[in-house]
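Read the figures in this text as sums done on the coordinates, not as results from a lab. Quick caveat: nothing in here was measured; it's all calculated off a predicted structure. In this analysis, Cβ positions are derived from the backbone assuming ideal geometry, glycine residues included, and neighbour counts consider all displayed protein chains.
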Amino acid sequence: MTLDNRSTSQRRNLTDEALIQEVLESFSHAESPRFQAIMQALIRHLHDFLREVNLTECEWHQAITFLTNTGQISTEKRQEFILLSDTLGASMQVIGMNNKKADGATEATVFGPFYVKDSPHYQNGDDIANGAPGDPCFVEGSVCALDGSPIPGALIEIWQADEDGLYDVQKPSLSAAAARGQLLTDAEGRFYFRTVSPEPYPIPSDGPVGDLLRAARRSPMRPAHIHFRIQAAGYETVTTHVFKAGDPYIDSDAVFGVKDSLIAQFHRVEHGHAPDGTRLSEPFWTMQYDFVLMPSATHER
Ligand code: BEZ
Ligand code: FE
């Protein structure tokens, strides 16, 4: 009997295999072919998984409780499902599939939960730390196209953790953005700003995802990095990080986001003249990174 001529009155006494076929068939009249394909693949993999591990009823209830807790701890400011996706490698898988880059173009990595829209506007040369604690760090670089031509006026959004390993949004006492901001590349496609040196930090582990990591004896740590999101008319937006070379967690990132091409040297200077011309008696860092954007799909260049 084909799926199409099976009547609903026969949806009973289903054996394991017939059950799967019946569930698949229940999605066969969906209006959207894409929705149908996604749901049917999901059903096939879900049932294969259930049968492969021979899931017990107790384990099924545990899974339901885990997902319920994941939803219940999520708020506008805390997205535990994104954290779950990140720690299962699903975020990097989706990013990898959807951001195929030409050789030389800056690679994308996880967005993370700490991005804030409409961050403060700065000029090149400004200090975006705005009081965030940490060693001063002078960042400079450029944004250019695949052929090396500079991209003036590219919008660069920056956010990072401070020396406490915390983002401003994780510090309830802070009322203003810190170690976060946006600026534009100059006429030569260059950007430069002062911030604080980023430190490694644990992803939030006080919820169900933390329980999952502990059950797996996995570290919640991410290597030190600065987040960048770069947009320019006619180019694909890239959301990425620049990681600090030599970080102890560079090869054990809790969310699998590190790429060789995104690792940069952060140079430590004991004291002396900083790139902005000031003289510092304390240690500071410098870091240089050049971003390369892909032309947008709708924009032939
Ligand atoms: C972050 O880099 O901000 C981040 C990414 C994934 C999960 C948690 C934090
Ligand atoms: Fe981060």
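Would you mind giving the average projected area, over all directions, of the Cα convex hull of the chain in nm² with one decimal?
Working: hull surface 82.8 nm².
Mean orientational projected area (the chain, Cα hull): 20.7 nm².
List the GluC sites (Glu not before Pro) within segment 38-117 that DSSP assigns to loop and that have no more than 14 neighbouring Cβ atoms inside 10 Å. Walk me through the intermediate numbers first.
On the way: sites: GLU52, GLU57, GLU59, GLU76, GLU80, GLU107; in loops: GLU76, GLU107.
For GluC sites (Glu not before Pro) across segment 38-117 that sit outside H, G, I, E and B with at most 14 neighbouring Cβ atoms in 10 Å, the list reads GLU76.
How far apart, in nanometres, would the label points at ASP260 and GLU282 be if each is projected 7 angstrom from Cα along the Cα-to-Cβ direction?
Rounded to a tenth, the inter-label distance reads 3.7 nm.
Within the chain, how many Lys pairs that are eight or more residues apart, or on different chains, come under 16 Å at the alpha-carbon?
Taking the chain as the scope, the lysine pair count is 5.
Please report, in debye to the nearest 20, how large the charge dipole of the chain is about its Cα centre when each Lys and Arg carries +1 at its beta carbon and each Asp and Glu carries -1 there.
Numbers: 25 positive and 41 negative charges, 94 e Å.
So the magnitude is around 460 debye.
Which trypsin sites (Lys or Arg not before Pro) does segment 168-250 hold that lie in a coil by DSSP with at most 11 other beta carbons within 10 Å? Provide the component values of the computation, followed by the final result.
Numbers: sites: ARG180, ARG190, ARG194, ARG214, ARG217, ARG218, ARG229, LYS244; in loops: ARG217, ARG218.
Answer in residue order: ARG217.
Would you mind computing, in nm to one decimal, how far apart the modelled labels at THR75 and ASP251 are, each placed 7 Å from Cα along Cα→Cβ?
Label-label distance for THR75 and ASP251, simple model: 4.0 nm.
With springs connecting C-alpha atoms under 10 Å apart, model the chain as a Gaussian network and identify which of HIS227, HIS29, HIS267 has the largest mean-square fluctuation.
Per the Cα network of the chain with a 10 Å cutoff, HIS29 tops the list.
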